């Protein structure tokens with residue numbers, strides 16, 4: 001009762017002073033309002049990002065914990081380190097004892113073997129592909145098919161001639177071009193083509209070795225791959241989803257391509273440019289005009305006409321030319337190809353007004369006619385990797401499907417990973433399996449004693465066996481030799497099937513551990529490390545955040561920046577508050593003295609000043625908090641667009657829709673007010689030191 | 001008659017730069033309960049210092065001040081504050097009201113700090129005092145809306161509201177015209193009679209001095225006449 005009245009007395013006096021020094025009040029309230037605003041918005045976003053990131057990282061690759069060798073030279077980064085390249089993670093020679101030790105812990109649900117490494121994907125070109133097709137039709141003896149393929153070949157050769165004459169306009173090295181042109185003229189010769197159609201090996205090889213390289217080999221691309229036990233992996237990583245084809249069958253060697261990689265690196269160039277522009281225009285809402293990046297893409301697009309033309313036979317070309325004419329893009333007449341080239345160039349010249357229509361037209365009328373992706377499920381690709389001893393090793397793997405991580409579809413980081421079976425992984429890593437040892441044995445008997453000795457000598461030197469036919473000491477194979485590499489690799493090194501038991505034990509580089517209760521993560525981490533080390537296992541245990549490399553650290557950086565910004569605001573606010581109280585004391589010496597003289601304790605004066613700060617702070621903090629809620633509610637509707645890949649990863653999608661967390665909204669302004677109030681205790685105590693005798697002062 | 005304030009051999013020295021100022025020299029003074037005493041003298045004679053010492057707002061360099069027989073020299077700041085609140089009333093030359101508060105709230109202020117009385121008890125006491133000082137109709141007015149004389153009446157009511165045994169007034173009429181000042185002194189004197197409250201006030205106005213039952217004249221920190 002008394003307290004309430006005393007408080008109301010303090011508040012009345014406080015309010016009067018706040019009104020009296022309005023400007024000061026507004027400045028302080030604004031500062032603290034900013035603090036409150038920033039903390040509500042910042043903490044909300046941080047919390048949302050952390051939650052979505054945690055879900056993404058745990059649910060895609062990392063699991064809750066990761067174990068790997070203590071001898072690793074690099075820290076494990078499941079999404080790759082910030083410097084692209086292979087990590088040295090050491091090796092877990094046999095996973096079985098690790099699994100046993102982990103599963104003894106009642107909190108551990110599963111242990112999923114993994115191995116992350118990087119390899120090269122060998123790629124041919126369109127002419128290689130059609131020559132392959134031609135050879136197979138020659139073998140089959142189907143004359144209709146052969147005619148079709150020959151028509152295709154002639155068409156491609158004509159295109160190449162057109163392309164070459166275009167190149168002549170810009171290229172300096174005329175001699176080489178003219179040589180290529182002469183070769184092409186020869187290839188287009190009627191008699192030569194008849195030789196090809198009759199299966200003349202010399203003519204075919206001329207095409208393969210002299211003509212095919214003219215159309216240019218694509219750069220081999222680097223592929224990150226994760227070798228794992230697919231059954232265990234699918235069970236424990238809910239973010240994984242197959243978007244095309246099928247998942248890896250248990251006990252079969254194979255690869256699941258990342259959808260992101262396929263879209264970004266293995267898709268037809270024209271389609272890829274359309275996709276990129278669409279994404280920037282629609283998701284990021286950046287108009288084509290005026291944006292340098294968009295302009296670069298727009299200018300690149302017309303040059304891709306050849307990428308469309310290459311896949312068309314004469315009938316398809318005629319049909320496309322017709323459709324384009326019907327939609328208002330007319331050719332110049334005369335030659336079909338020259339006309340279509342003109343039409344395609346016009347078609348691929350896009351701006352803001354026609355882009356959407358062109359995009360739709362492309363996917364409706366052009367995409368079905370061309371090979372949209374270089375690699376599709378069902379095909380077998382050749383993965384190459386350097387083993388630890390420096391040998392280039394090639395392993396054929398069948399592409400079963402295309403996958404992506406739920407919510408991380410657009411992230412380059414999460415999409416960098418392709419999934420292979422553990423057996424293929426070990427093969428690429430350079431481990432000798434029973435099958436390859438047997439293979440080696442057979443080879444030795446075939447090749448003879450002398451070679452075996454040489455092979456043994458190398459084995460002894462480098463401590464790691466590598467089959468002789470794969471031992472290519474040169475670095476990346478030169479582009480034109482891709483077909484040569486493939487002929488060398490036709491013999492399968494290892495069977496396509498394997499026993500499930502083979503991957504339950506044996507080599508892995510790391511392993512994900514899934515636990516039952518995430519709140520016990522640190523506890524389990526320490527327990528596992530202790531248990532495994534007690535059993536003499538070489539191990540390092542890290543949590544998902546540590547395992548996610550710089551992506552995981554990114555949230556910590558954002559948090560630090562936020563804390564720093566809040567810290568600066570608070571320090572400025574607190575200095576101003578304290579200063580204003582101390583200055584204010586001078587103006588109010590007589591009033592304070594009077595109160596002290598007539599019996600107010602020092603604590604009353606302190607309370608009065610704290611009430612003033614408290615009210616100001618609460619006022620600012622509530623307004624700041626309310627503005628923050630308004631902003632967040634708006635962002636919740638429109639979303640925050642991700643402008644960078646790392647951000648996409650943090651957002652777990654192209655846009656983040658922040659949620660309103662009542663605890664943050666309520667607690668932040670209260671906390672801000674409390675800190676401000678508590679921090680002004682010093683100045684308030686200073687004010688309380690005014691002597692009661694000051695009441696007698698006459699100067700006013 | 002018992003002694004309200006006993007000043008025993010009190011000296012007060014203020015440091016002033018490297019030298020010091022002897023404000024009071026060996027003062028011996030006893031003020032009996034119910035007296036209406038004025039402390040007179042030219043400015044700088046030590047009037048304020050003496051009032052501060054009696055009002056427990058300052059401590060003597062040597063000697064002792066006893067309020068109602070109780071020594072104040074060993075009391076803490078908290079105890080001195082409590083003593084001021086319970087035993088002493090203060091009236092200031094510039095009235096020193098709290099501007100934001102109404103007349104009623106200004107008078108209530110010490111009672112609220114004291115925290116002894118219920119709302120009803122406070123109300124009765126405040127209304128009674130407002131009647132007595134002639135401010136019955138101004139209860140809800142803000143103190144900065146009042147005239148000088150009215151403000152000093154509020155100050156008197158505030159000084160009396162805790163029923164102190166001693167009221168100290170520092171030049172209570174200095175900021176008022178002589179007619180108003182006279183009425184204020186009359187009011188104080190009436191209260192002195194009716195409440196038996198000891199009044200000690202400083203002044204240099206001869207008209208005011210005439211009203212006092214006792215005049216202590218100070219000069220250069222010494223009691224010149226009594």
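Here are a few things to note about the model shown:
- Residue that is nearest to the other protein chains (Cβ to nearest Cβ) [pool: residues in the range B:27-58 that are loosely packed, with under 15 Cβ neighbours inside 10 Å and either more than 17 Å from residue B:170 (Cβ to Cβ) or touching a strand residue (DSSP E or B) at 6+ places or on another chain (Cβ under 8 Å) (or both)]: B:42
- Search result, residues across the range A:14-51 that are touching a residue at least 12 places away in the same chain (Cβ under 8 Å), within 10 Å of chain B (Cβ to nearest Cβ) and surrounded by fewer than 20 Cβ atoms within 10 Å (Cβ to Cβ): A:15
- Taken as a whole, the range A:135-153 holds no residue that is under 25 Å from residue A:414 (Cα atoms) and out of contact with any strand residue (DSSP E or B) (no Cβ under 6 Å at 6 or more places or on another chain).
- Of the residues making up the range A:527-545, those that are under 18 Å from residue A:515 (Cα atoms) and in contact with a strand residue (DSSP E or B) (Cβ under 8 Å, 6 or more places away or on another chain) number 9.
- Highlighted here are the strands (runs of 3 or more DSSP E) found entirely within the range B:131-226 that include at least 1 residues which are over 16 Å from the mean Cα position of the chain (by Cα): B:214-219, B:222-225.
- So residue A:244, is it farther than 30 Å from residue A:113 by Cβ and either assigned to a strand (DSSP E or B) or more than 19 Å from the chain's Cα centre (by Cα) (or both): no
- Breaking point among (1) at pLDDT 90 or above; (2) surrounded by fewer than 21 Cβ atoms within 10 Å (Cβ to Cβ); (3) not in a strand (DSSP E or B), for residue B:73: (1)
- When residues of the range A:193-203 are limited to those that are part of a helix (DSSP H, G or I) and touching a helix residue (DSSP H, G or I) at 6+ places or on another chain (Cβ under 6 Å), the one farthest from residue A:180 (Cα to Cα): A:197
- Any hit, the range A:328-345, residues being out of contact with any helix residue (DSSP H, G or I) (no Cβ under 8 Å at 6 or more places or on another chain) and surrounded by 15 or more Cβ atoms within 10 Å (Cβ to Cβ): yes
- Annotation note: of A:599, A:593, the sole residue that is buried (at least 16 other Cβ atoms within 10 Å of the Cβ), within 14 Å of another protein chain (Cβ to nearest Cβ), in contact with a helix residue (DSSP H, G or I) (Cβ under 9 Å, 6 or more places away or on another chain) and on the phi > 0 side of the Ramachandran plot is A:599.
- Some residue of the range A:314-326 being assigned to a helix (DSSP H, G or I) and in contact (Cβ under 8 Å) with a residue 60 or more places away in the chain: yes
- Checking each residue in the range B:59-82 for being more than 8 Å from every other protein chain (Cβ to nearest Cβ) and under 18 Å from residue A:694 (Cβ atoms) picks out B:59, B:80.
- Annotation for the range A:81-97: at least one member residue is modelled with pLDDT under 85, within 20 Å of the chain's Cα centre (by Cα) and within 17 Å of residue A:543 (Cα to Cα).
- Any hit, the range A:386-395, residues being more than 37 Å from the chain's Cα centre (by Cα) and exposed (fewer than 15 other Cβ atoms within 10 Å of the Cβ): no
Conditions (1) in contact with a strand residue (DSSP E or B) (Cβ under 7 Å, 6 or more places away or on another chain); (2) more than 14 Å from every other protein chain (Cβ to nearest Cβ); (3) at pLDDT below 90; (4) closer than 26 Å to residue A:592 by Cα, marked per residue:
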{"residue": "B:111", "(1), (2), (3), (4)": "no, no, no, yes"}
{"residue": "B:117", "(1), (2), (3), (4)": "no, no, yes, yes"}
{"residue": "B:124", "(1), (2), (3), (4)": "no, yes, no, no"}
{"residue": "B:133", "(1), (2), (3), (4)": "no, yes, yes, yes"}
{"residue": "B:136", "(1), (2), (3), (4)": "no, yes, yes, no"}
{"residue": "B:154", "(1), (2), (3), (4)": "no, no, no, yes"}
{"residue": "B:179", "(1), (2), (3), (4)": "no, yes, yes, no"}
{"residue": "B:183", "(1), (2), (3), (4)": "no, yes, yes, no"}
{"residue": "B:199", "(1), (2), (3), (4)": "yes, yes, no, yes"}
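- Residue B:106 being in a helix (DSSP H, G or I), buried (at least 22 other Cβ atoms within 10 Å of the Cβ) and either more than 12 Å from chain A (Cβ to nearest Cβ) or at pLDDT 85 or above (or both): yes
- Of all residues in the range A:220-245, those that are without any contact (Cβ under 8 Å) to a residue 40 or more places away in the chain have Cβ atoms under 7 Å from Cβ atoms of residues that are crowded, with 17+ Cβ neighbours inside 10 Å, 6 or more apart or on another chain, in A:234/A:240; A:234/A:247.
- Within the range B:106-130, being within 26 Å of residue B:78 (Cβ to Cβ) and within 20 Å of the chain's Cα centre (by Cα) holds for B:106, B:107, B:108, B:109, B:110, B:111, B:112, B:113, B:114, B:125.
- For the range A:346-371, the set of residues classified as touching a helix residue (DSSP H, G or I) at 6+ places or on another chain (Cβ under 7 Å), in a loop (DSSP other than H, G, I, E, B) and modelled with pLDDT of 90 or more consists of A:348, A:349, A:350, listed by residue number.
- Residue match in the range A:641-655 (condition: out of contact with any strand residue (DSSP E or B) (no Cβ under 7 Å at 6 or more places or on another chain) and within 14 Å of another protein chain (Cβ to nearest Cβ)): no
- Residue in the range A:665-682 that is farthest from the other protein chains (Cβ to nearest Cβ), counting only those that are in a helix (DSSP H, G or I) and buried (at least 23 other Cβ atoms within 10 Å of the Cβ): A:668
- The one condition from (1) more than 7 Å from chain A (Cβ to nearest Cβ); (2) surrounded by fewer than 20 Cβ atoms within 10 Å (Cβ to Cβ); (3) touching a strand residue (DSSP E or B) at 6+ places or on another chain (Cβ under 9 Å) that residue B:89 does not meet is (2).
- Scope the range A:64-79; condition under 24 Å from residue A:518 (Cα atoms) and surrounded by 17 or more Cβ atoms within 10 Å (Cβ to Cβ); matching residues: A:64, A:65, A:66, A:67, A:68, A:69, A:76, A:77, A:78, A:79
The values are calculated or read from the model by the stated rules, or taken from the named source; none is laboratory data. Please read these numbers as outputs of a predicted model, since none were measured by experiment. Every residue, glycine among them, receives a Cβ derived from its backbone with ideal geometry; neighbour counts consider all protein chains shown.
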